[in-house]
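Bear in mind these aren't lab numbers, they're just calculated from the coordinates by the rules spelled out. Keep in mind that what you see is a predicted model, and the values were worked out from it rather than measured. Ideal geometry is used to build each Cβ from the backbone, glycine not excepted, and the neighbour counts take in all protein chains shown.
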């Protein structure tokens, strides 16, 4: 990793949460606690103390330093505000900057009890041809990152000032429980003098401007952190007695934390739950926050209040129940008047409901027309006479709401960059997956309808079937067949420690099925389709581990007279075709590259990209190619698969993956060739070098014995006279830089 000119670090030594048991609620007289710093108030459990060691021996307090300039500092990070009731602290955090290899800084924050608030902040990257990462290092098994990239081609006037649209500025939501963080800014063109900036910022506290790409940029921006006290969960802290930090009329909360706990006032109470006196009663009657009827009397109680009706009336005194005046007789005119009012109100309600239903119907008709319903109907009517074509069904919104219990969040089975997927049950008892997209470009409605028409025609056993769509909502809903056994990514990650011959045969079968499906999309569909987001998360498995290619949200149809499409770069880190990233020209060979990464995942069991690995191993594809080039690929094969029975097949799949991962798309094989090769490898009676004389094999296989070397055990030769990769040394491998 490059030398860092400036690294901003806050350690647990400069900002301390006391872990020792609480003493009595009274203050130790020798500690001289300070509750202000300049004009700023410092609430419990924070405090500024002198150097007397007894001050931290018996109290759970978070230590802050106060400078001569009356700024509150947590270590060397300025604190703007502390909110004990929300357990949050607002600080000024340094912006990560990359302006060439000799001018960069990587801010870090390594305090266990401080977590970035995922609700109150956003992660942004600003710059031309820039990308940034937000990394968290919780422990060896839970390290992960998020980030975004922005690349600019063409007219810079397309940059939209005031919004972070993805051109010049990109932003992403922050996952929960990110602590021990670091922020990295990078530039695709490292020789460029332009700067890249990455940072976390409090919502609403940064507005993008194109001037930030060339002029000065803020050095620090406000960030909200959630904080906790102690290391225990609520149960353990309560059992510790004196060490318990939640005071009178408060409760412990550890629901959204993985380190320590927070305190909250009970309903009906307010104040600071950490303070020795605890939370105090809210007088709902005085501050008019009660729900008593205007005629009723409000009486405050400890933590609550009561409502009572005045003398001469009855009822519960609440807004719902109210108070009714007592009477010994009912006057007829009063009854008649009340009846008339009731009838008028009833008629008004009926007219209101009819009017609302009419408005809702018109709104659905508007959405249906806006989303291309008439175009789709016309296309489907042209296919009614063809019994061989699968007909997409146009669902009603009410059908899908009923199928998903009004889109109940408990039925969510997946979230992605393009939308949310719900599990549902139709009235005919079919289990389906319903995709609710985030948005759709009105200018591409006709293309969307065309994709629905084409994808619904696909009847391939290894492609998830599109059953239909709903166009009555603002954003169309897509209905797919439900695949029950999770993703290929889940399958690979959950097989740790139990990989064997059977597992390898299953992986090889899955690879062949996926390759066959992509080959079908590229060359056998009525209009060729580029998937554009091939990855293990988008490959589903049924109960027999049969592969199903899914998620066509990023896919593009390819006109029959074109071989490439100019698009905005889109995809997933670790799977993106480098040539596509450089040129923005999408081709079928982009899918081939992504499939090559999937093959390497199947061989190694590793994730495509991870900051938890050494820098030269972060990209799985590049590390794999390097090992193959150095004749050490057996070292990265998933434990348990490399043996005499599987060795030959694994070697061939490794070579095939290398072909798919070539940097130049024109040098990669087509998906049809990849599928054919995988089918051949699965046939145990096939000869490994039966096509050794073709041009591609001569390019890949070494023809000189003087520079050969072997992979694994080469003491035995296979049935076809070929048992090592010593003839594969001249595979054209790029360094990936």
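What ranking of 682, 671 emerges when the number of other C-beta atoms within 10 Å of each C-beta is taken as an exposure proxy, fewest first?
Listing 682, 671 from fewest to most nearby Cβ atoms yields 682, 671.
State the Kirkwood hydrodynamic radius of the range 268-332 in Å, one decimal place, computed from all pairs of distinct Cα atoms.
13.5
Given N residues in the range 89-215, what is its alpha carbon radius of gyration divided by 2.2 N^0.38 Å?
Output field value: 1.05.
For each of 179, 680, count neighbouring Cβ atoms within 10 Å of the residue's Cβ, then give the residues from fewest to most.
By the 10 Å Cβ count, ascending: 680, 179.
Among 233-241, 336-344, 195-203, how do they line up by average Cβ neighbours within 10 Å per residue, starting with the highest?
195-203, 233-241, 336-344
How fast does the range 234-281 diffuse by Stokes-Einstein, in µm²/s, taking the Kirkwood radius from C-alpha pairs at 25 °C and 0.890 mPa s?
226
Would you kindly state how much longer the chain becomes between residue 316 and residue 112 on full extension, computed as 0.36 nm times their sequence separation minus their alpha carbon distance, in nm to one decimal?
Gain on stretching residue 316 to residue 112: 68.4 nm.
Could you check the spin-label model distance between residue 88 and residue 663? Points 7 Å from the Cα along Cα→Cβ, value in nm.
4.6
Considering all alpha-carbon pairs of the range 216-348, what whole percent are spaced by more than 19 angstrom?
Considering the range 216-348, 70 percent of its Cα-Cα pairs are separated by more than 19 Å.
Please report, to one decimal in angstroms, the Kirkwood hydrodynamic radius of the range 478-537 built from all distinct Cα-Cα pairs.
One over the average 1/r among Cα pairs gives 13.6 Å for the range 478-537.
With 10 angstrom as the radius, rank 184, 365 by how many other C-beta atoms surround their C-beta, starting from the fewest.
Taking fewest neighbouring Cβ atoms as first place, the list is 365, 184.
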